[in-house]
Structures are given as structure tokens and as C-alpha cells.
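Chemist: Before anything else, here's the structure in question.
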Amino acid sequence: MVLVLLLVARWRIGSVAAGRVASSVEAVPHRRVALVLGAGLEGDGSPGPMLRDRLDGAVALYRAGVVDHLLLSGDNGRTDHDEPTAMRRRVIAAGVPPLDVTLDFAGFDTADSCERARRVFGVTDAVVVTQRFHLDRAVYLCRLAGIDAVGFTPPVSPDATGGLGALAAREWLAGAKAMVEAEVLHTEPTFGGPFEGLSGSVVPANGP
């Protein structure tokens, strides 16, 4: 029974994402927003290797005119763990104007990030930026949330290769969980929140 669920989820997620993922900036169709999903921080609070790759990929999309705005969605559930602000610092240091950057401080997982992008920030079309092992599920969840989503997987830097095999294997379980929660249980995001729109972030909630 478990194997059947895993296989069905793999097929379902893959079919929704089929033809909607790219690994080169030139192959990505224009969307208004790049949705960048959190991926962990270093001990000093700066983005970890996978998150750096995602952010640099989003900056490349922005510079190429493929997207007009960055929505940085991550975990800020503890006072000592603030992904969105760390993400903001990196993209602004790379030259993205603050008014073209919006932060989602309640992107606790992929489903929350996608649902909140649609409900709280009014995103209707997006390029989801994440690693390839995660991309189909991210596109699937965003499309189920009502977003015309495509996916972009940025180049993998040498220091971001560790653990990718284990993460890809774990994705089978994550996919089954995502399908059950999205299409059977209709799980709500941890925090819904009022509508905010893509207002940009000249001074984010937790400092510059």
C-alpha cells in the first residue's frame, strides 16, 4: 500500500510539473515573480550553500528580465533563525532594488510558501527557484495553490553537492506527504495572514 502511494504521488507530481522546469535562464518564460524557497542558514546566520544557489539563480533571472520581483519565502519561527532577512541581504548586495524584493516570514515549508504566495501576496504567476530534486514538488504545490508556476533549477555550486542523494531519496516520502495534504486533507498553511501584496521591503521587519 505504501509503495503504491509513493508511485502514485511520483506520477501525479511529475505529470503536473511536466514541461514546466528549466535549468537555463534562457529557457524560462517570463513571469512576474521569482518565488525563492528557504533552504537553511549557516551558523553565522548567512544563507547556506543550497540557499545561496537559489538566491543567485533568482538574481540571474531578475537581471535577464525574466522576472520583475523576488518573493523570498523562508522560516522565521525562532529569534535565532531568520531566513528571509538573510536572503534579502544577499539579493540586495547583488544589486536587486529593495522595492523589488518582498519577504515572507512564514514560509515554513514548500506548501506554506506556495499557498501564502497566492493568498497573502497575490501571486498569480511565478518562477519557483529551487534544486532539481525538489523542483517538481514545488511546481506542483504552487499550481495547486492557483499559481501559473514554472520552475528553475540554478547551477549547483561545489559546496552545495553534499547530501543531494539523500535529499533526492527523501523526496519520495515528501512527495507522498504533499499529495495527501494538498489533495486529500486540504491542509491549511501554518499562518494564513491578511492580504499584503508585493509591497517590497525597504526596511524588513527584522532589520536591514
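The values are calculated or read from the model by the stated rules, or taken from the named source; none is laboratory data. The structure displayed is predicted, hence computed values, not measured ones. Neighbour counts are summed over all protein chains in view; Cβ atoms, including those assigned to glycine, are modelled from backbone coordinates with ideal geometry. Surface accessibility is based on the protein's heavy atoms, side chains included, excluding ligands, DNA and RNA. Shrake-Rupley method; radii C 1.70, N 1.55, O 1.52, S 1.80 Å.
Chemist: C142: at pLDDT 95 or above, touching an Asp or Glu at 6+ places or on another chain (Cβ under 9 Å), hydrophobic (A, V, I, L, M, F, W, C) and in a helix (DSSP H, G or I), yes or no?
Modeler: Answer is yes for this residue.
Chemist: For the condition over 22 Å from A168 (Cα atoms), surrounded by fewer than 24 Cβ atoms within 10 Å (Cβ to Cβ) and among the β-branched types (V, I, T), what is the one hit in T102, T124, T110?
Modeler: T124
Chemist: Another question, if that's okay. Looking at V128 and the list (1) farther than 17 Å from H69 by Cβ; (2) touching a strand residue (DSSP E or B) at 6+ places or on another chain (Cβ under 8 Å), which single condition is not satisfied?
Modeler: Here V128 meets the rest and fails (1).
Chemist: Restricting to the range 127-136, give me the number of residues that are buried (at least 20 other Cβ atoms within 10 Å of the Cβ) and among the charged types (D, E, K, R).
Modeler: Number satisfying all stated conditions: 1.
Chemist: Additional query: From L55, L51, L5, which residue is of a type in the set (A, V, I, L, M, F, W, C), in contact (Cβ under 8 Å) with a residue 12 or more places away in the chain, assigned to a helix (DSSP H, G or I) and open to solvent by 60 Å² or more (accessible area, probe 1.4 Å)?
Modeler: L5
Chemist: Let me ask another. Listed residues A27, A18, A34, A9; which is closer than 13 Å to V150 by Cα and either aromatic (F, W, Y) or at pLDDT below 95 (or both)?
Modeler: Unique residue meeting the criteria: A18.
Chemist: Could you list all residues from the range 109-130 that are touching a Pro at 6+ places or on another chain (Cβ under 8 Å) and in a loop (DSSP other than H, G, I, E, B)?
Modeler: V120
Chemist: Taking the range 30-47 as the search range and keeping residues that are touching a residue at least 24 places away in the same chain (Cβ under 8 Å) and surrounded by fewer than 22 Cβ atoms within 10 Å (Cβ to Cβ), which one is farthest from the chain's Cα centre (by Cα)?
Modeler: G45
Chemist: Within the bounds of the range 186-207, is there any residue that is in contact with a helix residue (DSSP H, G or I) (Cβ under 9 Å, 6 or more places away or on another chain), in a helix (DSSP H, G or I) and modelled with pLDDT under 95?
Modeler: no
Chemist: If you don't mind, another one. Condition first: open to solvent by less than 70 Å² (accessible area, probe 1.4 Å), under 14 Å from the mean Cα position of the chain (by Cα) and not aliphatic (A, V, I, L, M). Can you find one or more residues in the range 58-66 that meet it?
Modeler: No: zero hits.
Chemist: Among the residues of the range 58-75 satisfying the criterion of being modelled with pLDDT of 95 or more, assigned to a loop (DSSP other than H, G, I, E, B) and out of contact with any strand residue (DSSP E or B) (no Cβ under 6 Å at 6 or more places or on another chain), which is nearest to P97 (Cα to Cα)?
Modeler: Residue satisfying both the conditions and the ranking: D68.
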